[in-house]
Structure formats: C-alpha cells, structure tokens
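Novice: Could you have a look at this structure, given as structure tokens, before my questions?
The values are calculated or read from the model by the stated rules, or taken from the named source; none is laboratory data. Nothing here was measured: the structure is a model prediction, and the numbers come from that model. Note: ideal-geometry Cβ built from the backbone for every residue, glycine included; neighbour counts use all protein chains shown. When the accessible area is computed, the model is the full protein with side chains, heavy atoms only, and any ligands, DNA or RNA have been set aside. Shrake-Rupley method; radii C 1.70, N 1.55, O 1.52, S 1.80 Å.
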Amino acid sequence: MFDRDRFVEDLRAARNESDSMDAISEVITKAIQDPASIIRALGAPGRGRAEQLYADESITISNIIWGSEMCVPPHDHLMWAVIGVYQGQEDNTFWREQDGNLQEMGGVSLTKGDVRKLGADAVHSVRNPSLQLCGAIHVYGGDFFGAIPRRHSWNPETLKRGPYDYEFINSLRNEANERMESLRREGVEIA
C-alpha cells in the first residue's frame, strides 16, 4: 500500500546511499508496482499538473501528470533524475548539443511500470502520445526549482538554446488540459 509520507522518507534515505540513483530507482520501482494505490494516495490524475511532494537542496520529489498529447520541448535539468511511470506513456527523445546545434540522439518510451535514470547532463524532450493522462513520479538529485535560473530549454522549431521558461511549460500544460476538456465535452472518455 502506497503511503506518501513513507515514500518520501524512503526516497530521502535512498538519496544518502553511495549510489543514490540506484537506491532511488529501487524505491520508485517498488512503489509503481501498485498504481491504484498511488492514485488513491495522490488523487486521480484528472488533468495535467506538477505536484511537488517534497523538496530541499538535495532532492526534489514530484508527481507529474502529462496532459493529453502534451509535448515539452528539449530541456536540461542540470542534475540527475529518476522517472517512474504509474499510468499511461511518456515518450522521451534525447538530445546532445554539439557546436551550438542540438542533435537528436534516440529515445525511449516509458509505460506503466517503467523506471528510467537520466544523468545530470541529459537533455530531453517529453511527449504524452495519447489522449490518456500520463502519471509519473519524478525525483531529481537537487533543488529542481532553485536550479531554474541556470537551466536551459531549446526552441521546439529552431532548436536554439535559451533560458528555461517554466511559465511556457505551464502554458503547454494548460493547452493540453483545455484540449482534453474539449474532447471530454464531445464525449471522449479520458482517464
């Protein structure tokens, strides 16, 4: 049975292990084996959102809900991350910046039960390819929100680097939510 407080404490303890990414991956892997329990504890996804479960200088734990067909352009974190999907699908495209140009370096689709580690130098874009909401636990090896002024995102059309724009990401989430609500009004069932 997923318990939010116990989960946060387990992740905080795992952060202190010698291989914290592996330890955190184990905690997340165990938790997402019971997605219904996570949904009962954190609430039904309902709509796209980013819910901070815990944050300090060493770790940020978030419940991320990607809205229907939501796309997030290439961005960095400047810290490692571990992602565990408990509902839906999250498609990640990986990028590398070379000589001022951003080049695609492959990707991976994460579905319910998948866990993925991203290094501190990772640049990725994220897409929810379906109408169904995607729910995932994201754990970052530092203060995710405190790092925003140092982070970058790349224009999805020109692939030119600029400052990370959290408000733009929120606008993409709002657009996905509006699209989803429009579909629901038309009678499309979205979980």
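Novice: Identify, please: which residue in region 156-191 is part of a helix (DSSP H, G or I) and closer than 26 Å to N101 by Cα and is, among those, least open to solvent (accessible area, probe 1.4 Å)?
Specialist: I169
Novice: So for region 126-144 (the condition being under 27 Å from R12 (Cα atoms), in contact (Cβ under 8 Å) with a residue 12 or more places away in the chain, among the aromatic types (F, W, Y) and open to solvent by 50 Å² or more (accessible area, probe 1.4 Å)), does at least one residue qualify?
Specialist: There is no residue in region 126-144 that is under 27 Å from R12 (Cα atoms), in contact (Cβ under 8 Å) with a residue 12 or more places away in the chain, among the aromatic types (F, W, Y) and open to solvent by 50 Å² or more (accessible area, probe 1.4 Å).
Novice: May I ask you to list the residues in region 73-105 that are among the hydrophobic types (A, V, I, L, M, F, W, C), buried (at least 20 other Cβ atoms within 10 Å of the Cβ) and out of contact with any His (no Cβ under 7 Å at 6 or more places or on another chain)?
Specialist: Residues satisfying the conditions are M79, V82, V85.
Novice: Would you check if H124 is over 11 Å from the mean Cα position of the chain (by Cα), part of a strand (DSSP E or B) and either within 27 Å of G187 (Cα to Cα) or of a type outside the set (K, R) (or both)?
Specialist: no
Novice: Any residue at all in region 140-153 that's more than 16 Å from I83 (Cβ to Cβ) and part of a strand (DSSP E or B)?
Specialist: Yes; the residues of region 140-153 include at least one that is more than 16 Å from I83 (Cβ to Cβ) and part of a strand (DSSP E or B).
Novice: In region 96-108, is there at least one residue being among the polar types (S, T, N, Q) and without any contact (Cβ under 8 Å) to a residue 24 or more places away in the chain?
Specialist: Checking region 96-108: at least one residue is among the polar types (S, T, N, Q) and without any contact (Cβ under 8 Å) to a residue 24 or more places away in the chain.
Novice: Out of S109, S153, I need the residue that is open to solvent by less than 30 Å² (accessible area, probe 1.4 Å) and of a type in the set (S, T, N, Q). Which one?
Specialist: S153 is the lone residue from the list that is open to solvent by less than 30 Å² (accessible area, probe 1.4 Å) and of a type in the set (S, T, N, Q).
Novice: Here is a follow-up. If you check V85 against the conditions, is it touching an Asp or Glu at 6+ places or on another chain (Cβ under 7 Å) and not in a loop (DSSP other than H, G, I, E, B)?
Specialist: The answer is yes for V85.
Novice: Could you please give the count of residues in region 3-41 that are touching a Leu at 6+ places or on another chain (Cβ under 8 Å) and more than 20 Å from R116 (Cβ to Cβ)?
Specialist: So the answer is 2.
Novice: Grab the helices (runs of 4 or more DSSP H) fully contained in region 1-55, keeping just those with 3 or more residues being in contact (Cβ under 8 Å) with a residue 60 or more places away in the chain and within 23 Å of E189 (Cα to Cα).
Specialist: Filter on region 1-55 gives 35-42.
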